[in-house]
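Any read-out appearing in this document is the output of simple, stated calculations on the displayed coordinates, not a laboratory observation. Remember, predicted model here, so these are calculated numbers, not experimental data. Positions of Cβ are backbone-derived with ideal geometry, glycine not excepted, and every protein chain shown enters the neighbour counts.
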Amino acid sequence: MGFITPGNLTLVGGILSLIFGVVVLIFPKILNYLVGIILILWGVIALINHYTPGV
């Protein structure tokens with residue numbers, strides 16, 4: 001049993017989506033930065049997943 005499970009990722013993704021949604025409503029100009037950060041994180045996670053050998 002690891003810390004990162006599909007259920008945990010779904011929960012974290014939902015919470016982050018809510019937080020980012022509220023932040024964008026309060027500070028609309030920050031949307032570009034948030035999208036950039038999300039895309040960078042998404043790419044890093046995808047590369048780590050690709051190059052990590054199956055357990």
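Under the 0.36 nm per residue contour assumption, what length would be gained going from the current alpha-carbon distance of I26 and L47 to full extension?
The I26-L47 span can extend by a further 4.3 nm.
Please sort 23-32, 44-53 by packing, taking for each peptide the average over its residues of neighbouring beta carbons within 10 angstrom, highest first.
Taking the mean over residues of other Cβ atoms within 10 Å, the ranking is 23-32, 44-53.
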